[in-house]
Amino acid sequence: DFIGQTNLIPGAVLSFDGAIARLDIGGGDQAFAATKGTIAAGSPATLSIRPEALRIVSAPKPGAPSVAATIREIVYLGPSLRVGATTVRGDLLWADLRDEEATGLVPGTPVFLTWAPAAALVWQHPIA
């Protein structure tokens, strides 16, 4: 059973590097994440990444998983913020940030969402 919130991004598995899958998530973006079970290349899959694992950067590090997005909404939660960003494909993804990590972010700002590959999971369709 899962408790909490997560971002779900549909895609298709392209290849593997050990336990890390490379996915086509549309819009010209590719994602890297740990796999949950055996998934064949070419299979439809869903990337799951929790808001606290997403980071927002102005430029991605070479080779790091990232998705281009635009800041859509910022929700203030006391000492932290929940930032919603829309990808090129139209997915709304949420990141939980500390106040200092969100300095300069306003709706309309183009950004990249990034994460550690081990912080995300890939699930084969259908999700049970």
**OP:** Scan region 39-61 and give yes if some residue there is of a type in the set (Gly, Ala, Ser), touching a helix residue (DSSP H, G or I) at 6+ places or on another chain (Cβ under 6 Å) and open to solvent by 20 Å² or more (accessible area, probe 1.4 Å), otherwise no.
**Re:** yes
**OP:** Take the residues in region 26-55 that are part of a strand (DSSP E or B), modelled with pLDDT under 85 and not aliphatic (A, V, I, L, M), then tell me which one is farthest from the chain's Cα centre (by Cα).
**Re:** 35
**OP:** Could you run through region 100-118 and say how many residues are touching a residue at least 24 places away in the same chain (Cβ under 8 Å), surrounded by fewer than 16 Cβ atoms within 10 Å (Cβ to Cβ) and either among the small types (Gly, Ala, Ser) or closer than 13 Å to residue 55 by Cα (or both)?
**Re:** 4
**OP:** Go through region 26-38 and count every residue that is crowded, with 18+ Cβ neighbours inside 10 Å and touching a helix residue (DSSP H, G or I) at 6+ places or on another chain (Cβ under 7 Å).
**Re:** 2
Original post:
Here are 59, 118: which of them is closer than 19 Å to residue 4 by Cα, among the small types (Gly, Ala, Ser), outside any strand (DSSP E or B) and over 10 Å from the mean Cα position of the chain (by Cα)?
Top reply: 118
Original post:
Tally time: how many residues in region 84-94 are in a loop (DSSP other than H, G, I, E, B) and of a type in the set (Ser, Thr, Tyr)?
Top reply: 0
**OP:** From the list 97, 81, 23, 14, pick out the single residue that is part of a strand (DSSP E or B), open to solvent by less than 30 Å² (accessible area, probe 1.4 Å) and either free of Cβ contacts under 8 Å to residues at least 40 places away in the same chain or of a type in the set (Asp, Glu) (or both).
**Re:** 81
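The values are calculated or read from the model by the stated rules, or taken from the named source; none is laboratory data. Note that the structure is a prediction, hence the values are computed from the model and not measured. Note: ideal-geometry Cβ built from the backbone for every residue, glycine included; neighbour counts use all protein chains shown. The area values use the complete protein model at the heavy-atom level, side chains included, leaving out ligands, DNA and RNA. Shrake-Rupley method; radii C 1.70, N 1.55, O 1.52, S 1.80 Å.
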